[in-house]
1. Based on what the data block shows, is B:A160 open to solvent by less than 10 Å² (accessible area, probe 1.4 Å) and within 30 Å of B:A252 (Cα to Cα)?
2. Would you point out which residue out of B:A134, B:A161 is touching a strand residue (DSSP E or B) at 6+ places or on another chain (Cβ under 6 Å) and within 10 Å of another protein chain (Cβ to nearest Cβ)?
3. Pairs, please: C-beta under 6 Å, at least 6 apart or cross-chain, first residue under 17 Å from A:Q6 (Cα atoms) and outside the structural domain of A:K7 (by TED's automatic domain parsing) and in the range A:43-55, second among the charged types (D, E, K, R) and at pLDDT below 95?
4. Collect the residues in the range B:60-78 that are in contact with an Asp or Glu (Cβ under 6 Å, 6 or more places away or on another chain) and assigned to a strand (DSSP E or B), keeping them in residue-number order.
5. Which residues, taken from the range B:166-189, are touching a strand residue (DSSP E or B) at 6+ places or on another chain (Cβ under 6 Å) and hydrophobic (A, V, I, L, M, F, W, C)?
6. Scan (1) among the hydrophobic types (A, V, I, L, M, F, W, C); (2) loosely packed, with under 14 Cβ neighbours inside 10 Å; (3) not assigned by TED's automatic domain parsing to the domain that holds A:E11 for the single condition A:V60 breaks and write down its number.
7. Go through the range B:12-52 residue by residue and tally those that are open to solvent by 40 Å² or more (accessible area, probe 1.4 Å) and farther than 15 Å from B:P303 by Cα.
8. Taking the conditions exactly as written (away from chain B (no Cβ under 14 Å), out of contact with any His (no Cβ under 9 Å at 6 or more places or on another chain) and free of Cβ contacts under 8 Å to residues at least 60 places away in the same chain), does A:M79 satisfy them or not?
Amino acid sequence: MIVAEQKSIEEISRMIEPYGKVLILGCGTCMTVCDAGGEREVSFLHSALDLAQARSGNGVHSFSEYTIKRQCDLEFLEMLLGRIEDVDAVLSLGCGVGVQAVAERFPDLPVLPGVNTYFMGMPKEWGVWDERCTACGDCRLGDTAGICPITRCTKGILNGPCAGTKNGKCEANKDMDCAWVLIYQRLERLQQLDNMRRYYPPRNFRTIPRPRRIVSKATVEVGVNNE
Amino acid sequence: MKAGTNLEKILESGQFAVTAEVGPPKGSSPAVIRRRGELVRNSVDAVNVTDNQTAVVRMSSVAGCAILKTLGVDPIMQIVCRDRNRIAIQSDVLGAIALGIGNILCLSGDHQRFGNHPTSKSVFDIDSMQLIQALKNMRDEKQFISGEEVSGEVPIYIGAAANPFADPFEFRVARLAKKVKAGADFIQTQAVYDVDRFRRWMEAVCERGLDKEVHILAGVIPIRSVGMARYMRDYVAGVTIPDEIITRLEQAEKAKEEGVRIPLEIIEQLKEIPGLHGIHIMAVGWEDIVPEVVERAGLLPRPVL
């Protein structure tokens with residue numbers, strides 16, 4: 001899932017300043033799971049913005065709210081028809097992909113990001129999310145016991161651990177596990193420590209010429225699932 | 001001879017080597033490098049010039065090395081992978097050789113969050129292991145990382161670091177073996193304060209015959225004050241200082257004197273460790289102490305080859 005965090009009320013207030021009618025748009029998938037922009041957060045933000053406006057005494061904005069299943073899917077964006085015609089701007093609580101999908105679908109409508117999108121990750125415990133994948137396009141998890149050094153080692157090195165690891169923690173953050181110590185422990189458990197004795201050559205960063213596109217051969221060329 | 005540097009000659013002739021470290025200034029003065037170089041020149045065989053150590057911007061290592069070279073000092077250029085990609089690094093290596101620099105030490109680099117530009121972007125396009133391999137290929141195969149041909153000779157004596165005190169202890173020898181296989185000719189270790197642990201590491205190194213394939217120099221850091229010891233223990237990546245050393249400094253009448261006595265005692269023990277081929281004194285910011293340490297350790301005069 002994609003993990004994000006809501007921007008501060010101050011920043012959001014500054015962004016919406018030029019706009020009268022603002023639709024606060026939630027996203028029912030990742031942003032709901034990471035508590036950044038689901039239906040509940042949309043409603044909280046709506047109240048908070050109303051309150052901020054009442055306090056400042058400049059009652060210039062009127063807010064509406066709506067949450068769709070997935071902002072990053074053009075199909076779901078059709079649900080916005082009939083709700084956006086009279087708004088001056090959309091405050092999207094979708095991730096960066098969602099914000100751009102809305103902008104792409106509605107070329108005449110200003111779209112503002114209500115969250116900062118951080119990473120692809122998973123819930124670690126209640127209210128805690130950890131990054132797991134960098135989307136490097138060259139997955140090595142088979143060599144590293146299912147623990148990603150590109151993402152979880154702060155230096156992203158392939159021949160770790162570096163000399164900075166102390167008590168199993170990273171030199172950059174004493175609260176963060178050293179990914180290479182985790183890899184070592186799990187490889188040992190799987191009796192695959194030879195993986196770590198092997199030399200890994202420099203990465204091929206050509207796998208990430210930005211922006212990337214994936215084309216499904218089956219769908220596009222052969223026409224499977226393409227009605 | 002791979003590069004024919006003084007360090008290579010000393011080590012290959014089987015003598016116990018002594019190296020030191022010079023930290024370049026946070027400014028453009030060549031005089032600072034010269035002064036520090038002069039201080040240590042007759043006490044050591046080669047001098048490392050750090051590459052923006054602890055991620056603090058300083059004069060470049062290549063410039064520092066070139067200045068030392070004019071004094072007749074054999075420089076060891078440090079390269080970290082934190083700040084430059086493979087294009088810039090290989091270019092600097094060629095430039096260094098053109099300036100007569102023959103020893104290059106390959107390092108990952110301390111994380112930039114400890115430095116004076118914590119908001120900067122780190123590079124780590126390649127890691128220290130890949131850098132060692134790259135230098136070896138440039139020298140022995142005349143090839144850049146891309147496989148394209150390098151023109152002319154690339155004489156480099158390749159150095160790498162090892163930290164016997166980092167986790168996981170059991171993997172540290174395997175990692176050294178990996179560096180040796182990648183092409184390391186000499187190794188400078190992290191500072192040794194826990195001699196017993198270092199001895200155990202060296203035993204494992206010798207068991208695998210690695211002492212025959214690479215020259216290992218043990219790191220030694222004189223301690224200027226209790227505060228410095230505590231700082232190194234708590235904040236310097238990779239350094240481990242046992243509590244009894246801190247206590248000894250705290251209880252000493254003159255901490256500074258004790259801070260010299262401790263490394264001298266350590267050097268005495270290190271000299272007896274089989275397979276160890278030298279020491280590397282890291283007295284960054286306290287270069288004045290190096291001649292005294294080397295002399296009191298009975299390592300003077302340095303051989304002239």
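The values are calculated or read from the model by the stated rules, or taken from the named source; none is laboratory data. What you see is a predicted model; the values in this text were computed from it and never measured. FYI the Cβ positions are ideal-geometry reconstructions off the backbone, even for glycines, and counts take in every protein chain you see. Surface accessibility is based on the protein's heavy atoms, side chains included, excluding ligands, DNA and RNA. Shrake-Rupley method; radii C 1.70, N 1.55, O 1.52, S 1.80 Å.
1. Numbers: open to solvent by less than 10 Å² (accessible area, probe 1.4 Å): yes; within 30 Å of B:A252 (Cα to Cα): no.
Answer is no for this residue.
2. Details: B:A134 fails: touching a strand residue (DSSP E or B) at 6+ places or on another chain (Cβ under 6 Å).
From the options B:A134, B:A161, the qualifying one is B:A161.
3. From residues that are under 17 Å from A:Q6 (Cα atoms) and outside the structural domain of A:K7 (by TED's automatic domain parsing), there are no pairs.
4. B:Q78
5. Narrowing the range B:166-189 to residues touching a strand residue (DSSP E or B) at 6+ places or on another chain (Cβ under 6 Å): B:176, B:179, B:183-189.
Scanning the range B:166-189 gives B:L176, B:A184, B:F186, B:I187.
6. (3)
7. The first filter runs over the range B:12-52 and keeps only residues open to solvent by 40 Å² or more (accessible area, probe 1.4 Å), leaving B:12-16, B:26, B:28-31, B:34-36, B:38-39, B:41-42.
Retained after the next criterion (residues that are farther than 15 Å from B:P303 by Cα): B:26, B:28-31, B:34-36, B:38-39.
Total satisfying the criteria: 10.
8. In short, yes.
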